[in-house]
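In what follows, a structure is listed as structure tokens, so that the remarks can point back to it.
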Amino acid sequence: MADCLFSKLIVGEIPSKKIYEDEKVFVFQDINPQAPVHFLIIPREHIVGLKEATAKDAEILGYCQLVAAKLGREYKIEEGYRTVYNVGPKSGQSVFHLHLHLIGGRDMKWPPG
Ligand code: AMP
């Protein structure tokens with residue numbers, strides 16, 4: 001996807017603070033962190049967002065959550081963290097390449113804003 005910010009970030013065309021990568025996903029530090037740990041987990045394959053995902057994307061959606069759990073262990077935030085997909089304009093979704101937020105390392109409030 002030529003015009004996709006996160007696709008450019010995966011190939012290094014735009015710099016990022018890489019946290020983890022493998023053959024399926026790329027994980028990097030959010031540029032505007034909302035907590036001590038705020039990572040974005042993105043599939044290498046371009047998927048626009050959760051509401052655009054289809055049955056063929058089921059495995060990668062689950063895989064992103066498992067990567068979040070692995071990083072939650074590694075970064076010692078298992079006392080409390082969130083994995084979040086912002087979906088649609090009212091949620092604040094601003095980048096249209098599927099990304100799972102992993103947010104933790106501080107007390108969380110409920111309901112979220
Ligand atoms: P969302 O609002 O769910 O679409 O989240 C997009 C996230 O991408 C926001 O938390 C931004 O801070 C983050 N972001 C935007 N541009 C960059 C970038 N170049 N590097 C890292 N994070 C970014």
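Summary table
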| quantity | calculated |
| --- | --- |
| Flag for ILE19 being in contact with a Cys (Cβ under 9 Å, 6 or more places away or on another chain), within 12 Å of the ligand (Cβ to nearest atom) and closer than 30 Å to TRP110 by Cα | no |
| Test: residue in region 69-80 that is within 18 Å of CYS4 (Cβ to Cβ), surrounded by fewer than 16 Cβ atoms within 10 Å (Cβ to Cβ) and without any contact (Cβ under 8 Å) to a residue 12 or more places away in the chain | no |
| Test: residue in region 36-49 that is charged (D, E, K, R) and closer than 22 Å to ASP3 by Cβ | yes |
| Filtered residue count, region 34-52, keeping only those that are more than 8 Å from the ligand (Cβ to nearest atom), within 13 Å of the chain's Cα centre (by Cα) and within 17 Å of GLY72 (Cα to Cα) | 4 |
| Among (1) surrounded by 14 or more Cβ atoms within 10 Å (Cβ to Cβ); (2) over 17 Å from ASP30 (Cα atoms); (3) under 13 Å from the mean Cα position of the chain (by Cα), the one test that PHE96 misses | (2) |
| Members of region 61-92 that are assigned to a loop (DSSP other than H, G, I, E, B), of a type outside the set (A, V, I, L, M, F, W, C) and at pLDDT 95 or above | TYR75, LYS76, GLU78, GLU79, GLY80, TYR85, ASN86 |
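The values are calculated or read from the model by the stated rules, or taken from the named source; none is laboratory data. Note that the structure is predicted; figures quoted are calculated from it, not measured. We place every Cβ from the backbone using ideal geometry, glycine too, and count neighbours over all the protein chains shown.
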